[in-house]
Every structure is written in C-alpha cells, then in structure tokens.
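Report on one structure; see the data block that follows.
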Amino acid sequence: MGELENLKGRNLLEPGDFTVAEQKALFDLADKIADSPGAYQDTAKGRLLAALFFEPSTRTRLSFESAMLRLGGQAIGFSEAQSSSAAKGESIADTVRTVGCYADLTVIRHPKEGSCRVAAQASDVPVINAGDGGHHHPTQTLTDLMTIRREKGRLDRLRVGLCGDLKFGRTVHSLIKAMSAYDGTGFYLISPEELRVPSYVIRDIEAGNGSTYVETRSLGGAIDRLDILYMTRVQRERFFNEEDYIRLKDSYILDAMKMRPARADMIVMHPLPRVNEIAAEVDKDPRAVYFKQAKNGMYVRMALISALLGEAQE
Amino acid sequence: MEVNEIENGIVIDHIKAGTGLKALSYLGIDTRTDTVALIMNAQSSKHGRKDIIKIENLLDIDLASLGLLDCGATVNYIEGGELVKKVKLALPERVTDVIKCKNPRCVTSVEPAIQHVFLLVDPETEEYRCEYCDETVRF
Ligand SMILES: [Zn+2]
C-alpha cells in the first residue's frame, strides 16, 4: 500500500502533480484493471462523478464517464458552457463549489488556462483537469505513459520519435516533460521548421534524467531508430501560406511505405482523433497501438478515480 | 536638500533613483493622510543617485511588494529617534494582487473576484510565474 493511499483526496491538475513512484503505483493498478476489468465493477459503487465540460470534448468526456460507470459509479454533468450555469454568468468557483455538494469527484474541462486550479481551490472534493485550454491535459499524459509501459515493458532508455506539430501540441510538450524524468530517454523531434518545439520544452529535456534530443525535418531518416513513434496532426491553419502547407503535409503523413524501415517492435501512437496524418492502411499493422491507447485511457482513468476516491485496492 | 530626521517611523533608503514614486504606490501609502517625505535623486556614496522615502509614525507596512520593485533597498525602523531595526529587502516568494496576469487565455481574465498570484521562479533572473497559467513576468 502507500503510494495509492497517498492519492486519496488529491487533485490532478498537471502531470507533475504525481511523483514517479505514485505514477508507477497508478500504472500497476491500471494494468490490473486492464487485465480483469470485471473485478473492479463495484469499486465506486454509490459514488458520483461530475463531468463539467465548459467546452465540448466528446472523446475525453466519454472516457471519464465510461471509466466511472465501469467502476460501478455514476456520472452527471454538462458538455458545453451554453447548457450550464456559466452561460448565466456564474463563476467557475461557484459552479464547482455547488457541484461538490452533490458529487464525490469533479472532472473539469475549460478553455481558460488555470481554470482547474480555480476549481480545485473552491472544491471540497478531488478535481481532475481534463484540459485547461492549451495548458495541461494530465490524463492524456498518464494514458500515453501507461501505453508505453504496457507495450514496451519499461519507461526508461527508450528512443521516442515525436512527429508533426511540435510547436502547438500540448500533448507532445507534456509527454516530453514526463518522459524526461525517466532515465536516458532519447528524443527525435521530427517537424517542419515552422513547427519546431519551443525552447522551454528543450529546457525540460536538458533538465531531464540524462535525456538527449535530435531535431530533424525527416521522418524517413529517423524512423528506423525509434522504439516509439508518436504522431500528431499538422494543421493547415498553423501555416502562413497554402503552398508551405501543401509542400510539407505529405512528409508528415505516416503510411505503409514509410513504416517499412521501422523496427519490428516499434509502436505507433497518436492521441486521436486522427484526420489524415496516419493512413488507414497503417491501422492493421500490429505496431499501430493508437486504438489500444484510447482503451488504456479508460483504464488509467479508472485507476485514477479509484485512487482519488480512496477505493484503490492493491 | 535636507529633510528633518524622524522620531518614529520608517526610512527606506537606497531606492533606485527614479523609482521612489512607484515604490510609494506599491506600499499602499495614503498620501492624503500619512506624513511622508519622498526624496528623489539624493547623492549616494554607493550608487551615485538614489531615492529615499521617510514615513512618520507608521511601522506596520507591508514591504513584500516593495522587494519586487527594488530588492537592493534597505528599510530602517526608527523609534524614539533611535535606529531599532534594519532590513534588507529580498524578492518575495509569493506576490498577491500587485499586477494582473497579461495572458488573455488565463482564467484570471474571466473569473470574478480572483486573486492575481505570482510565484518566484528564479531569484537570479527575477522571474515570476502566474499561479494559474504559468505565464512568466519580471516586475
Ligand atoms: Zn495567468
């Protein structure tokens, strides 16, 4: 026991809120849940989760609600600000304080950065950040780490390729920071010149546990060295002009041809939803794990909810 | 220029020349009622020119935010004409409601009745970050 008990009553606002040891305990539990989900069907019986989505994110909301329902608990909430009291001008603090009177746990998604901290300060029950603007999305990071650990058997000494929009991709920045905490991570940062990682992310790598990085424009030149390839979307609106976008977009689309030189045990990840950055033909490649990743997201949220409610059995 | 010594109160010395007025506003001194002298561009043996603030009959003021403006300043507490305490200002760890976060995506731009809190990141660079959105600033 210990680490999981420690999480009882806590908030998860940003990935760094949990120590590496606490994360490990959480992933151990998530693995067990994934192996026999039925054994956990009464874990949150009689408990209520409030999902406050001030902006729509169907995928994340469904993942949290499924997680709670599979634990035997129930979920309430709203899925956009228009249908909530926020439309009448109620503050985040008041909304969360009120909901805390009904529910045992609050999940919040809000377009403003730091909104989850306002919620946590006002709330008597644990708060989970399900995305605060371009700031943090810690359960996505937990999902990514759990998937890597489950597929590769470890989180240290891995060569991680991140490909696509590395400038605006919050998911990518959080994952880089989280993986930098593990021993000897080698990053391959694959992006067009216009979408390179910001300097503060490079500083996270440099402050890491022996992490190294290479920046490159070429997916083809790096793919054969990777243990993990994490794809993100290159969006049209990120470019100043249409020609640059058209010239570059195909270089960052993964297809069966580009997969050929990759190692047999490399895994391909993607936070989903995907648009066209991974060709559908890659889906049947056993190295594509992005749908498993979505499933892991539910399991890790089940583990998280259990731990914050103080119901986690080791 | 001469300003009489004070019997009881505070003398803030070695304020960076030209920042004395701003220092007064950071201190929240009420210039309508408090007895205050602001001396600007006084000769200083150390720094060439400096500003000095003298506040009479007031010992209980919040100096934390003054550290932000000028962490080289010294505060002298005077009672009965005697110097009883001398404090060198340092950068405060936590600054509440002195400035507002400028990040338009920050929750502080929409949430009513919220405190604007900045936390010291690095005393070397004098960088602070918004407690909510992590936007960094230097005061
Ligand atoms: Zn802010």
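Observations
- The lone criterion from (1) within 16 Å of the ligand (Cβ to nearest atom); (2) assigned by TED's automatic domain parsing to the domain that holds residue B:19; (3) of a type in the set (Ser, Thr, Tyr) left unmet by residue B:65 is number (1).
- Lone qualifier among A:257, A:269, A:298 - being under 30 Å from residue A:108 (Cβ atoms), aliphatic (A, V, I, L, M) and either open to solvent by 60 Å² or more (accessible area, probe 1.4 Å) or in contact with a Ser or Thr (Cβ under 6 Å, 6 or more places away or on another chain) (or both): A:298
- Qualifying residues in segment A:137-182 (those that are open to solvent by 30 Å² or more (accessible area, probe 1.4 Å) and among the small types (Gly, Ala, Ser)) - the one nearest to residue A:293 (Cα to Cα): A:153
- The criterion of at least 1 residues that are touching a residue at least 40 places away in the same chain (Cβ under 8 Å) and among the aromatic types (Phe, Trp, Tyr) is met by the following strands (runs of 3 or more DSSP E) wholly inside segment A:130-249: A:228-231.
- Of the residues screened, residue A:19 is not one that is farther than 25 Å from residue B:108 by Cα, touching a helix residue (DSSP H, G or I) at 6+ places or on another chain (Cβ under 6 Å) and of a type outside the set (A, V, I, L, M).
- Any hit, segment A:93-101, residues being in contact with a Phe, Trp or Tyr (Cβ under 8 Å, 6 or more places away or on another chain), within 14 Å of chain B (Cβ to nearest Cβ) and either crowded, with 23+ Cβ neighbours inside 10 Å or hydroxyl-bearing (Ser, Thr, Tyr) (or both): no
- Top-ranked residue of segment B:96-136 - restricted to ones that are β-branched (Val, Ile, Thr) and either part of a loop (DSSP other than H, G, I, E, B) or surrounded by 17 or more Cβ atoms within 10 Å (Cβ to Cβ) (or both), ranked as farthest from the ligand (Cβ to nearest atom): B:125
- Here is the figure for segment B:26-58: residues that are surrounded by 12 or more Cβ atoms within 10 Å (Cβ to Cβ) and not in a loop (DSSP other than H, G, I, E, B) total 19.
- Looking across segment A:272-284, the residues that are open to solvent by less than 60 Å² (accessible area, probe 1.4 Å) and at negative phi come down to A:277, A:278, A:279, A:282, A:283.
- The listed residues are B:104, B:92, and the only one of them that is of a type outside the set (D, E, K, R) and within 14 Å of chain A (Cβ to nearest Cβ) turns out to be B:104.
Rundown of residues vs (1) farther than 20 Å from residue A:309 by Cα; (2) of a type in the set (Gly, Ala, Ser); (3) away from chain B (no Cβ under 11 Å), yes/no style:
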{"residue": "A:109", "(1), (2), (3)": "no, no, yes"}
{"residue": "A:114", "(1), (2), (3)": "yes, yes, no"}
{"residue": "A:124", "(1), (2), (3)": "no, no, yes"}
{"residue": "A:134", "(1), (2), (3)": "yes, yes, no"}
{"residue": "A:141", "(1), (2), (3)": "yes, no, yes"}
{"residue": "A:155", "(1), (2), (3)": "yes, no, yes"}
{"residue": "A:158", "(1), (2), (3)": "yes, no, yes"}
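- Condition check for residue A:54: closer than 18 Å to residue A:146 by Cβ and either at pLDDT below 95 or assigned by TED's automatic domain parsing to the domain that holds residue A:112 (or both): no
- Candidates A:185, A:216, filtered to the one that is more than 23 Å from residue A:135 (Cα to Cα) and either surrounded by 16 or more Cβ atoms within 10 Å (Cβ to Cβ) or touching a Lys or Arg at 6+ places or on another chain (Cβ under 7 Å) (or both): A:185
- Some residue of segment A:166-180 being more than 25 Å from residue A:130 (Cα to Cα) and not polar (S, T, N, Q): no
- If the condition is being open to solvent by less than 20 Å² (accessible area, probe 1.4 Å) and out of contact with any Lys or Arg (no Cβ under 6 Å at 6 or more places or on another chain), then segment A:127-136 contributes A:127, A:128, A:129, A:132.
- Residue within segment A:268-277 that is modelled with pLDDT of 95 or more, within 23 Å of the chain's Cα centre (by Cα) and under 18 Å from residue A:225 (Cα atoms) present: yes
The values are calculated or read from the model by the stated rules, or taken from the named source; none is laboratory data. Not measured: the values here are computed from a predicted model. FYI the Cβ positions are ideal-geometry reconstructions off the backbone, even for glycines, and counts take in every protein chain you see. The protein model used for the area step is the full one, side chains on, heavy atoms only, and it has no ligands, DNA or RNA in it. Shrake-Rupley method; radii C 1.70, N 1.55, O 1.52, S 1.80 Å.
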